[in-house]
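The values are calculated or read from the model by the stated rules, or taken from the named source; none is laboratory data. All of these numbers come straight from a predicted model, not from anything done at the bench. Don't worry about glycine lacking a Cβ; one is built from the backbone with ideal geometry, like all the others, and counts go over all protein chains shown.
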Amino acid sequence: MGFNNSIQPIERELPSHFADRLGFAYASSVSQEHKKGNGQFFTPIEIASLMASNSEFEGDSVRILDPGCGSLVLSCALIEHIANSNRNLKVVELVAYETDSNLIPVSEHSINYLKAWGAEMGINIKTQLYKEDFILHNADCFKETGDLFSKPIELFDIVISNPPYFKLSIDDKRTMVGKVVVNGHPNIYAIFMALSAKLLKRNGELIYITPRSYAAGGYFKTFREYFFKLIDLDKVHLFVSRKDTFGRDKVLQETVIIKGTKRAKPNPEVIISSSCGLKDLRTPLIKTFPKKDIIDLNSNEKILYLPTTDFEEEVLAIFKNWTGNLFKYNINISTGPVVAFRSLDYIRENFENGTVHLAPLFWLHNVKQMTLEWPLVKPNKGQYISIEDKSMPLLISNKNYILLRRFSSKDDKNRLIAAPYFCNFIKSSFIGVENKVNYIYRPKGHLERNEVVGLCALLNSILFDAYFRIFNGNVNVSATELREMSLPPLETIQEIGDSIILSNDFTVENTNSIVNQHLEPAYTI
Ligand SMILES: C[S@@+](CC[C@H](N)C(=O)[O-])C[C@H]1O[C@@H](n2cnc3c(N)ncnc32)[C@H](O)[C@@H]1O
């Protein structure tokens with residue numbers, strides 16, 4: 001495909017507006033597959049301006065990096081913002097990267113107009129557009145000791161980017177380069193962010209828009225460790241609706257803008273703003289938090305918490321006050337060992353009495369809030385698993401458990417969906433738990449009935465759901481996050497359990513109201 005540059009700037013048009021029109025026209029001319037393959041979603045002008053407005057740069061000459069530049073809407077918005085707020089600006093050195101060869105003429109067209117505009121404003125804009133992979137081109141930067149002959153790296157005052165988003169395969173060259181900053185199947189955007197942090201000067205500014213998935217979870221743990229050692233967060237803007245942000249390109253992600261600075265001594269506060277999408281972008285909810293409440297760099301997981309409302313702030317405070325957790329109560333959480341497609345020889349659709357011994361097999365669809373619905377007939381989801389020598393590694397002993405879904409769907413009201421399981425449910429020495437379900441247990445010993453019910457009620461409660469959403473933007477519920485989650489004192493959990501058992505009403509409405517009663521006055525909704 002060749003893009004013809006028939007689109008021309010309108011008289012006195014701002015470069016960012018021109019870039020936005022160019023990007024829009026290009027996006028309309030390529031297929032959804034092309035966009036997906038290149039991780040290509042152009043930033044709407046309103047968001048580009050908001051991102052640019054985060055810069056506080058004051059010098060007369062600035063070096064800017066825009067990796068994955070597209071039509072350069074971000075660089076244009078940034079240079080306009082700096083030129084507006086700083087009349088001394090004389091020289092801009094802009095370095096940009098773009099790998100989509102069809103898009104390059106668009107990038108060049110935009111750059112030419114930006115330079116012409118700069119000349120009229122009395123600003124000398126020098127540009128370098130690399131038609132190369134940003135990660136591979138800068139692969140040496142991750143090496144701590146540059147060898148004798150490697151070129152010194154020229155650093156930047158500001159990096160602004162809306163990077164590509166897609167998962168890289170394990171053997172992708174870029175995965176190899178990013179090994180120090182990401183683990184497992186990395187998403188390309190995390191390597192872009194880490195590299196950008198590395199390429200900043202001291203006190204340089206980093207402005208990025210990405211999915212919020214790096215805020216928590218094991219996949220991004222190494223990344224968080226690396227990135228937040230270099231970058232001190234100043235501001236975060238969260239788009240709380242998935243629909244509107246990149247509406248025209250149909251991106252269904254919870255998106256976040258961060259502005260951070262490469263400084264040694266962190267600022268004590270961070271500003272968090274939020275909006276649903278483009279319509280309320282100019283009237284965001286804004287709150288300031290102590291940095292230590294948003295990210296604890298001394299913690300193991302370094303989770304980034306993003307509360308946006310008064311209610312979420314209150315919820316965060318309650319959890320920060322609790323000092324208990326599963327580990328302290330000698331409770332553990334593991335993932336169900338039955339991987340269905342590898343265990344077909346042992347899974348049975350029907351109960352067969354006789355020579356075969358069968359245990360119940362619990363799948364995700366059996367786990368409902370506060371109840372385990374079993375058996376529940378579904379095609380290809382046998383409700384039994386045979387007990388035999390070879391299936392032993394797949395089985396767990398029949399004890400009291402809490403079964404917790406590892407995934408919720410986007411339509412589920414709650415992220416955490418947990419059901420109690422009691423060992424007297426069935427006369428069997430073993431049970432089976434499928435791999436999309438986590439089970440919570442006491443490794444040496446037994447979970448008491450009131451502990452199972454109390455903990456289960458807490459996990460299903462509005463309070464825990466709200467807390468979970470503050471740091472987890474996706475529908476996965478990881479065991480690691482639950483291990484780190486703070487809990488009220490064990491006695492309170494047991495009392496909640498006792499009250500629910502006594503009421504003999506396991507509906508979520510009732511368990512929720514009992515949870516609230518026990519946690520008051522700390523918490524009221
Ligand atoms: C999410 S788009 C954003 C474009 C532009 N920055 C904006 O905000 O509108 C990411 C861009 O990065 C380009 N890209 C993808 N992989 C790249 C890589 N490895 N190096 C440089 N650019 C890349 C894509 O072609 C795409 O244009």
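Remarks
- Taking first residues from the stretch 503-525 that are among the aromatic types (Phe, Trp, Tyr) and partners that are part of a loop (DSSP other than H, G, I, E, B) and at pLDDT 95 or above, the Cβ contacts under 8 Å between residues at least 6 apart in sequence or on separate chains come to 506/370.
- Of the residues in the stretch 388-410, not one is part of a loop (DSSP other than H, G, I, E, B), out of contact with any strand residue (DSSP E or B) (no Cβ under 9 Å at 6 or more places or on another chain) and free of Cβ contacts under 8 Å to residues at least 12 places away in the same chain.
- The residue that is nearest to the ligand (Cβ to nearest atom), among those in the stretch 111-138 that are over 22 Å from residue 189 (Cα atoms) and among the aromatic types (Phe, Trp, Tyr), is 113.
- Listed by first and then second residue, the pairs linking a residue in the stretch 49-69 that is in a loop (DSSP other than H, G, I, E, B) and within 12 Å of the ligand (Cβ to nearest atom) to a residue that is among the charged types (D, E, K, R) and at pLDDT 95 or above, with Cβ atoms under 7 Å apart and 6 or more places separating them unless they lie on different chains, are 68/98; 69/98.
- Reported count of residues in the stretch 84-99, each being touching a Phe, Trp or Tyr at 6+ places or on another chain (Cβ under 9 Å) and outside any strand (DSSP E or B), is 5.
- Elements of type strands (runs of 3 or more DSSP E) in the stretch 119-212, at least 2 residues being buried (at least 22 other Cβ atoms within 10 Å of the Cβ) and within 23 Å of the chain's Cα centre (by Cα): 156-161, 200-211
- Here residue 40 meets each of (1) modelled with pLDDT of 95 or more; (2) at negative phi with one exception, condition (1).
- In this structure, residue 73 does not satisfy being over 23 Å from the mean Cα position of the chain (by Cα), away from the ligand (no atom under 15 Å from the Cβ), in contact (Cβ under 8 Å) with a residue 40 or more places away in the chain and buried (at least 22 other Cβ atoms within 10 Å of the Cβ).
- Qualifying strands (runs of 3 or more DSSP E) (wholly inside the stretch 418-460; at least 1 residues being free of Cβ contacts under 8 Å to residues at least 40 places away in the same chain, buried (at least 18 other Cβ atoms within 10 Å of the Cβ) and touching a Ser or Thr at 6+ places or on another chain (Cβ under 8 Å)): none
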